[in-house]
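Everything on this sheet refers to the single structure shown next.
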Amino acid sequence: MLNLILFGPPGSGKGTQAARLVERYGLLHISTGDLFRYEIGNNTPLGLEAKSYMDKGQLVPDSVTIGMLKNKVLANTEVNGFIFDGFPRTIAQSEALDALMTELDQSITALIALDVSEEEIVDRLLERGKTSGRTDDNDEAVIRKRIGVYKGETTPVYDYYAQFDKSIRVDGIGSIDEIFTALCLEIDRHL
Ligand code: ADP
C-alpha cells in the first residue's frame, strides 16, 4: 500500500493536488477539513463542535479529530492506500496515525510538503474566500491565525516524519500541472 501525507500550510494546494493524485494512484483521499465540513452541513453534534473552532481559525481538539479520522480509515481498509490531507496537524495526531497504521500492518510511506510562502498563501486564501463559501477564508485575521497555528503546532509534524527519513519538500509555486509532475516524481521514487 501507498500511504501518503500531503502536507503544507492552508492554501498550499493540498486539496487540488490530492484530487489528481487519487486519479493517478487509486488512493482514498481523506481530508479532515472536508470531513468536518460534511458534518457541519448535516448539523451533527460533531459538526457543531468543530465549527466553533474552525470559525476562529483554531484546531479542533485532537480527541475529536483523531476519533473521526480513525472511523474513516477503519471503514475503508480495502483500498490501495490513503492520501491524508490536513491530517496529522499535531504531534499527537502523528503518533495516533502511526499507531493506527501499525494496527493495520501498514505504515506511512512518505510525507510530502508543499512549499509556499506566507504572503502567497494569504493572497490565495483571500481569493478562494470570494467563491468558496468558506467563512474561514473571508477574514484576514482568521487566515493569519490559521497560519500562526500551522507554524506553531503543525510544522513539528514535518520534523517528526523527517526523523524516520520520510519527509520530502516539493516547490508549491508554479502551475497545477508543474506541481503535480514534481509530486509524481517524488512518489514514484518511493514506490
Ligand atoms: P486549510 O488547510 O485551508 O486550513 P482545511 O479544510 O484543511 O483547510 O481545515 C479547515 C479547518 O478545519 C482548520 O482550520 C481546523 O479548524 C479544522 N481542521 C482540519 N483538519 C484538522 C486537524 N487535523 N486537526 C484539527 N483541526 C483540523
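Taken together, the values in this text are just the output of simple stated rules run on the coordinates, not laboratory data. Keep in mind it's a predicted model, so treat the numbers as computed, not measured. Reconstructed Cβ throughout: ideal geometry from the backbone, glycine too, with neighbour counts over all protein chains shown.
Of note:
- Length added when fully stretched, Gln106-Asn43, from 0.36 nm per residue minus Cα-Cα: 19.3 nm
- Under-5 Å amide H pairs with Ile5, H placed in peptide plane, nonlocal only: Phe84, Ala110, Leu111, Ile112
- Once both labels are positioned 7 Å from their Cα atoms along Cα-to-Cβ, the gap between Val22 and Leu126 label points is 3.1 nm.
- Only alpha carbons enter this Debye calculation for region 1-107, each as an equal point scatterer, and the log10 of I(q)/I(0) it gives at q = 0.18 Å⁻¹ is -0.91.
- Cut-off 15 Å between beta-carbons: net charge of the residues surrounding Arg20, Lys and Arg +1, Asp and Glu -1: -4
- The Rg/Rh ratio for region 83-163 is 1.05, where Rg is the radius of gyration of the alpha carbons and Rh is the Kirkwood radius.
- Here region 25-92 and region 100-128 have alpha carbon centers that stand 14 Å from each other.
- Region 126-171 - Debye-derived log10 I(q)/I(0), Cα point model, q = 0.14, 0.30 Å⁻¹: -0.50, -0.96
- Relative contact order (%) - criterion: Cα under 8 Å, at least six apart; region: region 1-157: 38 percent
- Out of every Cα-Cα pair that the chain contains, those further apart than 24 angstrom amount to 36 percent.
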